Amino acid sequence: MALTGIRRLLGSGADRATTQLRWQVFAPLVLAILLALAAWLALLYSQQRGQVALQVAQTRALMDHAYRNGVEMHSRLLGAVIETITHNRALMMAMASRDRATLLALATPMAGELKRQFGITHFFFLDPERKVVLRAYQPHQFGDVIERVTTAEAARTGTTIHGMELGEASIFTLRLVAPWRDGSHLLGYVELGVDLEQMLGAHHLLAGKPLFPLLYKENLDRAGWEAAMLMLGRVPRWDQFQNFVISSHAGDDMPAELAGRLEEILAGDGEETDLKVGNAVYRVVFLPLVDFSGKTVGQLLAPIDVSAPLANSRETFYVGTIISLLIAGLLASTFNRLVISVGDQIESHEEELKRLAIHDGLTGLRNQLEFYAVLEAELERAQRTQRPVSLLLLDIDSFKEVNDLHGHQAGNVVLQELAQLLVRQVRTIDAACRCGGEEFSVILPETDLAAASSLAERIRAATEEFEFRIGEEEPIKITVSIGVACYPTHAVNTRALFAAADTALYAAKNHGKNRVMAHAVAHAAPAGDQS
């Protein structure tokens with residue numbers, strides 16, 4: 001009995017010692033481990049949130065870089081288009097004589113093509129006092145004086161000026177204004193423009209993610225802005241916000257949660273703000289919209305989805321360090337792929353925009369603008385080397401019947417296959433182009449009239465024999481008429497060479513179609529006629 005009591009006493013003392021050791025040694029150690037682990041997990045959490053911030057910052061920088069590149073790329077495109085316009089002799093003569101009717105007739109089809117292919121929304125002709133001679137898209141509005149900074153600067157410096165600027169209709173637009181001279185005589189100015197929404201749609205700054213251009217009301221004329229929105233087919237919502245408007249179709253897709261807090265977010269001095277929309281969390285970032293004069297006229301808002309990174313950062317509190325590191329590595333890898341993907345998308349669209357600038361969208365051949373550029377370059381080279389250059393103009397005979405009998409889709413198939421037939425027939429140094437509608441051209445460097453006529457006959461015969469398959473229907477056949485002209489036999493400049501080939505083409509049409517005809521030498525342009 002006594003022995004049992006002693007053992008119970010010793011046992012009780014041993015338990016107390018163990019408990020004491022646990023409190024004095026193990027508890028601080030465990031606490032230190034927990035604190036270290038908590039600090040490590042907090043560091044991981046902080047680092048992951050830092051990764052989110054870095055992702056947003058780099059995405060914003062990428063957006064800013066892409067926006068600036070988009071402005072420069074569109075400026076170069078507008079410059080190339082204006083160069084073609086100001087070298088058009090027919091337009092120049094109409095402008096010099098202030099013949100609005102002729103100017104409108106010449107500019108209208110050109111304006112339609114420019115809007116369709118390149119999204120150009122502004123096309124003005126101004127006299128030397130900057131008074132509007134013609135607005136190609138609004139011909140009934142003319143006679144007012146343009147006082148915009150870009151136009152005034154072009155007049156002051158006598159050079160081509162481009163920049164983002166609000167216009168009379170309060171649309172934020174990339175404008176390029178170029179003086180138009182005939183020798184030393186100033187005919188006036190040509191102005192082209194692409195509005196911001198067209199630029200954003202063409203350039204895909206964030207790979208298809210929504211962007212919302214916000215313009216401050218203090219810089220806008222309400223009546224003009226609302227009229228412009230209606231003209232562009234958009235719903236004007238001037239009263240939706242107190243200090244700004246959303247100047248694009250994208251405003252219809254803005255989440256209600258974002259629209260409800262937009263005034264508050266913008267009032268935060270540009271601070272990035274997290275916004276919960278349903279189960280997703282977005283980080284709202286801004287890119288200032290600065291006009292040509294350096295004034296900030298609005299903001300380009302981009303909500304970036306950061307839901308997944310934030311969820312991963314919260315999960316680090318419930319998993320071990322190794323899992324947290326794996327998640328961080330996965331996030332880093334995901335972020336890297338995201339940046340690469342966005343960069344690839346931008347480069348792809350840049351390349352596509354460059355390609356579209358010089359190629360026909362249906363056939364893949366060079367377009368009309370590129371045709372004139374190539375022809376001009378080849379004639380300049382021919383003048384230096386004293387070598388001939390020939391030009392073929394082809395027109396599909398009775399093409400309207402193909403569309404009427406088989407439909408426009410069948411007509412498109414015929415145009416595409418005829419384009420491929422041309423590519424197979426010509427040399428790699430030749431330039432096959434689509435000049436519009438059912439008319440094609442082939443520029444033949446270092447080719448005399450006989451060789452060009454022979455090639456034209458091969459093309460005519462190959463077309464006549466070719467069976468154009470349009471789906472399940474029976475193959476159809478077509479014929480072409482071809483006009484041939486040669487430098488220097490028939491002409492000494494671009495305009496005259498094209499006119500000679502065109503005359504020959506119409507002669508082929510008038511003589512029964514399905515034939516090749518060369519321009520008569522008697523019709524050649526005089527040596528002094530320079531384009």
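Key figures for this structure:
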{"quantity": "Dipole magnitude of the range 421-531 about its Cα centre (Cβ charges: Lys, Arg +1; Asp, Glu -1), debye to nearest 20", "calculated": "180"}
{"quantity": "Heavy-atom accessible surface of the range 397-483: percent carbon and sulfur, 1.4 Å", "calculated": "48"}
{"quantity": "Listed residues Glu370, Glu315 arranged by accessible area, highest first, probe 1.4 Å", "calculated": "Glu315, Glu370"}
{"quantity": "Accessible surface, the range 31-185, averaged per residue in Å² (probe 1.4 Å)", "calculated": "46"}
{"quantity": "Largest to smallest accessible area among Arg234, Arg261, Arg76 [probe 1.4 Å]", "calculated": "Arg76, Arg261, Arg234"}
{"quantity": "Net +/- balance of residues flanking Trp238 in space, Cβ distance below 14 Å, scoring K and R +1, D and E -1", "calculated": "0"}
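The values are calculated or read from the model by the stated rules, or taken from the named source; none is laboratory data. In this text the structure is predicted, and so the values were computed from the model without any measurement. Heads up, the Cβs are rebuilt from the backbone with ideal geometry, glycines too, and the neighbour counts pull from every protein chain shown. These area figures cover heavy atoms from the full protein model, side chains too; ligands, DNA and RNA do not enter into them. Shrake-Rupley method; radii C 1.70, N 1.55, O 1.52, S 1.80 Å.
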